[in-house]
Amino acid sequence: MTTCMKKFGFIDDPNAAYPKAENRNYGVWNVDRVRQNGFRLIGEDAQSNPEHDKAGSWGDARYECLASEKSKIDEVTPSDDLMNGGVAGEIALKSLAMASETDAWKNAKDDWDKCISAAGLTPGRDTTKAKWSSQQSFDLQLRTDQRNPSKSDAAEGIRIATIEAECNQEVRLTQTLGDIQASYQLPLIRQNEEVLAELKKESQKYVDATEKLRPRH
């Protein structure tokens, strides 16, 4: 894609094209990052680069490149089932359901709720949408223009995210819940070793294909 986009006069940095991944399954936890970015991920602005928006042809160029490079892209892009579904997805969901019913899990969540409450925040009221965030952060993100937040909203996001992340670290929320879920995943993984081994082989094909397309220096 980078090579193709250059033909249209756009020099994109593939390393900055997408936000840097961060596991937030149990809320924000990286204190240093949220102090700088609030709830936004590093690189989240990359896809809405002002130069791209100003040059209306950027979207057209990208569309053309996606079409012309489709066969190569397909070679290095695993199917949704391989990435998000199948046995691996079932194991993740089943282990999460079992782990979340334990007293240790509930106690860890209660400790985090108490920590953010002591700092002036309210635990999320909707446990399906705001389970791992405060009500303040949930409300803020609903009312804020995520692409272009006001200075006051951005500052408030950083303040709230910092409290949530500091409490996550203080009570070891992400570490504790991850360990609990992992303890339920291990038996399920052992039960499905053969299927998972086949999935690993299939995934490796895409890794190998990606390596072949990398420029050699």
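Bear in mind that the values in this text are calculations on the coordinates, not laboratory data. Just so we're clear, the structure is a prediction, and the values are computed from it rather than from any experiment. Positions of Cβ are backbone-derived with ideal geometry, glycine not excepted, and every protein chain shown enters the neighbour counts.
With a cap of 15 neighbouring Cβ atoms within 10 Å, and only residues DSSP puts in a loop, list the trypsin sites (Lys or Arg not before Pro) found in region 101-136.
Taking region 101-136 and a limit of 15 other Cβ atoms within 10 Å, the loop trypsin sites (Lys or Arg not before Pro) found are ARG125, LYS129, LYS131.
How big is D for region 85-161, in µm² s⁻¹ as a whole number, if Stokes-Einstein is applied with the Kirkwood radius of its Cα pairs at 37 °C and 0.692 mPa s?
Values: Rh = 14.5 Å.
Answer from the Stokes-Einstein relation: 227 µm²/s.
Working out 0.36 nm times the residue gap between GLN169 and GLN36, then minus their Cα-Cα distance, what length gain in nm do you get to one decimal?
Fully extending the segment from GLN169 to GLN36 adds 46.2 nm.
Which value in nm describes the separation of the simple spin-label points at ARG24 and THR128, placed 7 Å from the Cα toward the beta carbon?
With each label point 7 Å from Cα toward Cβ, the separation is 2.1 nm.
Could you order the peptides 156-167, 24-35, 59-70 from most to least packed, using the average number of other C-beta atoms within 10 Å per residue?
Values: 156-167: 21.6, 24-35: 17.9, 59-70: 13.8.
Ranked by mean Cβ neighbours within 10 Å, highest first: 156-167, 24-35, 59-70.
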